[in-house]
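Each remark here refers to the structure printed beneath this line.
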Amino acid sequence: MTQTEESLLKQKIAYFSMEIALSNGIHTYSGGLGVLAGDTIRSSADLNIPLVAVTLVSKKGYFRQELTSEGRQIEHPDPWDPSQFMKQLPEEVTVQIQGRDVRVKAWLYLFKSAIGGVVPVYFLDTDVEGNSSEDREITSFLYGGDERYRIKQEIVLGIGGVRMLEKLGIDVRKYHMNEGHSSFLALELLRKHDINANKVRNLCIFTTHTPVEAGHDKFSYDLVREVLGEFIPFDILRSLGGQDRLNMTLLALNLSNYVNGVAKRHRMVSKEMFPGYEIRAITNGIHSYTWTCESFKRLYDKYLPGWAHEPELLARVEIIPDNEIWQAHMEAKRNLIDYVNSATNAGMDYDTLTIGFARRATEYKRHTLLFSDIERLKKVNRKGRIQLIFAGKAHPKDEMGKRLIQQIFNYKEILKDEIKVAYLENYDMDLAAKLVSGVDVWLNTPLPPMEASGTSGMKAAHNGVINFSVLDGWWIEGWIEGVTGWAIGPEPGEHFSTEKRRTMELEDLYGKLEYVIIPLYYKRRDEWIRIMKNSIGKIACHFNSHRMMHRYVTEAYL
Ligand SMILES: *Cc1c(COP(=O)(O)O)cnc(C)c1O
């Protein structure tokens, strides 16, 4: 081997993410972005991709959700102890925040694949001796505090992260920013490379996840000046990050040669939002082995050995007998229903058509769309019984999201003599795994085009759970009507007024439940199982993070 070849082999992809969901005990995630980062790491380890990851230690977690009997959300700190999972490294770097030196240390977690690969994950921590008590809190709460707190966290993640990797002697081939939270890493590189933006662009990859203007992190230049100082000359910063405010997405766009959205539709939406930038699409996936429940794992092991490493094999699901698919599903369903009944006294049963809906409680996800017409919903239920299971946390500052949860508790009361409704507390990875495998139908009703990709429906498909979803994000690519699941509302190319769209959505929601889904479930079980199998054979085989990482490697990393 030549020396260049050897050094190439030692080079790493450095993957930066504000949140990473590695396991339920490591409380450094809030939702889909973190789960995607976790699945990226899991697939990279399986596939032996030379990747290292950087995030914040978030020692007090996101929050633990308690719900009162009226559905009021109470937020508790959700601390975890890094020393139970990982080792603190002796290396220390500093970053300047509000004119002071803040010391940053790192915890090293080695994510080990069951088949041998390893991905090191560095959790940055400012709770270090010598820091002021205020600075020691910078890495405490994920998405906590105000704008000032957020910009401090992003300085630690981006600038502290690059410095830490350098200090550890890691030879970085490319820096991958998972969302704009880590864009300051590109500024640090700019400073290192004498403000040569071309050099920096060759080093940076940016994945955007936010299809709406308001969702992008933006900081006033007064705040930037105060907290970050004149890190690079302000006229240059303004030309890269926006004239009026520092837009972290714009900064990443201007300093990355490879930029992608997380679904084909999301790419188009991003291109409209940021005209003039070349934006590609790598549709998200989920880690097949992590998100497949025990009963389906056994089934796939028996009929499709090697499926976890080569999820393409799931396309051969046809060779699994129908009754074994149904048995595997019923095992997962009993697990879930038992859990729901013990957690909520809902009194649900195993044989009723069970519809699941779990996601961050925020306005665009429209948790309550199904309850828009209560009389119609009751009529649907008279055609064939349904029961409904919900979950999801609202961000502590999202009053609308909290109201949605309370409204569902209200509907639960209103419907209690006819339809059983449960709202489960504290949605996390473990609860997600139970839900996406144990329900019969996975419902998704975001307001287009707000769902950049969505991933929980992919998890459902891996467990033979059928998607019933608005055509947005990944579902536009996974959906074949009546074959892989069902659509709610108009196709993406069609434009309608808000009013008209809603009418069409409700018509599909109630109409398809009453005339298609319920009759199929109760009267034509063989056809139902066919769609379950198609969810596995036509969705899970493609919408997995192994396929996703193959694309990142060949298109962005190499
Ligand atoms: C998969 C997952 C998500 C993301 O689901 P979406 O469908 O993208 O909203 C959020 N939270 C948890 C805990 C998950 O496991």
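The values are calculated or read from the model by the stated rules, or taken from the named source; none is laboratory data. In this text, all values refer to a predicted model and were calculated from it rather than measured experimentally. Positions of Cβ are backbone-derived with ideal geometry, glycine not excepted, and every protein chain shown enters the neighbour counts.
Looking across segment 44-80 at every residue that is assigned to a loop (DSSP other than H, G, I, E, B) and under 22 Å from G215 (Cβ atoms), the one that is nearest to the ligand (Cβ to nearest atom) is identified as Y62. Scanning segment 105-135 for residues that are under 24 Å from H395 (Cβ atoms) and surrounded by fewer than 23 Cβ atoms within 10 Å (Cβ to Cβ) yields D127, E134.
Return a yes/no flag: does segment 103-114 have any residue that is assigned to a loop (DSSP other than H, G, I, E, B) and under 26 Å from G25 (Cβ atoms).
The first filter runs over segment 103-114 and keeps only residues assigned to a loop (DSSP other than H, G, I, E, B), leaving 113-114.
From what is left, the residues that are under 26 Å from G25 (Cβ atoms) are 113-114.
Yes, there is a match, as at least one residue in segment 103-114 is assigned to a loop (DSSP other than H, G, I, E, B) and under 26 Å from G25 (Cβ atoms).
Only residues that are among the small types (G, A, S), away from the ligand (no atom under 16 Å from the Cβ) and within 21 Å of M429 (Cα to Cα): list them for segment 270-299, please. S295, the sole residue that qualifies. Of the candidates I41, I20, the single residue that is part of a loop (DSSP other than H, G, I, E, B), crowded, with 21+ Cβ neighbours inside 10 Å, at pLDDT 95 or above and under 19 Å from the mean Cα position of the chain (by Cα) is I20. Is it the case that some residue within segment 475-483 is over 25 Å from R382 (Cα atoms), touching a Pro at 6+ places or on another chain (Cβ under 6 Å) and more than 11 Å from the ligand (Cβ to nearest atom)? Yes; the residues of segment 475-483 include at least one that is over 25 Å from R382 (Cα atoms), touching a Pro at 6+ places or on another chain (Cβ under 6 Å) and more than 11 Å from the ligand (Cβ to nearest atom).
The set of residues in segment 457-474 that are without any contact (Cβ under 8 Å) to a residue 40 or more places away in the chain and more than 10 Å from the ligand (Cβ to nearest atom) comprises V470, L471. Taking first residues from segment 52-80 that are more than 30 Å from D171 (Cα to Cα) and partners that are of a type in the set (K, R) and assigned to a strand (DSSP E or B), the Cβ contacts under 6 Å between residues at least 6 apart in sequence or on separate chains come to H76/R64; D78/R64.
Residue-by-condition table, conditions (1) within 19 Å of L33 (Cα to Cα); (2) in contact with a helix residue (DSSP H, G or I) (Cβ under 8 Å, 6 or more places away or on another chain):
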{"position": "G116", "(1), (2)": "no, no"}
{"position": "D127", "(1), (2)": "no, yes"}
{"position": "S140", "(1), (2)": "yes, no"}
{"position": "G158", "(1), (2)": "yes, yes"}
{"position": "K174", "(1), (2)": "no, yes"}
{"position": "F184", "(1), (2)": "yes, yes"}
{"position": "T210", "(1), (2)": "yes, yes"}
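From the list S220, S270, the one residue that fits, being outside the structural domain of A452 (by TED's automatic domain parsing), touching a Lys or Arg at 6+ places or on another chain (Cβ under 6 Å) and at pLDDT 95 or above, is S220.
Filtered by the rule that a residue be buried (at least 24 other Cβ atoms within 10 Å of the Cβ) and not hydrophobic (A, V, I, L, M, F, W, C), segment 457-477 gives G457, K459, H462, N463, G464, N467, S469, D472, G473. Checked against the criterion of being under 24 Å from L388 (Cβ atoms) and part of a helix (DSSP H, G or I), segment 483-500 has no qualifying residue. Taking the condition surrounded by fewer than 20 Cβ atoms within 10 Å (Cβ to Cβ), closer than 27 Å to A37 by Cβ and among the small types (G, A, S), does G285 pass? In short, no. All of K512, K523 fail the test of being without any contact (Cβ under 8 Å) to a residue 40 or more places away in the chain and not assigned by TED's automatic domain parsing to the domain that holds D46, apart from K523. Taking interchain pairs and intrachain pairs at least six residues apart, which have beta carbon atoms under 6 angstrom, with the first residue in segment 21-35 and of a type in the set (S, T, Y) and the second near the ligand (Cβ under 8 Å from one of its atoms)? From segment 21-35, the pairs are Y29/A21.
The conditions of being outside the structural domain of E75 (by TED's automatic domain parsing), in contact (Cβ under 8 Å) with a residue 40 or more places away in the chain and surrounded by fewer than 20 Cβ atoms within 10 Å (Cβ to Cβ) are met by L415.
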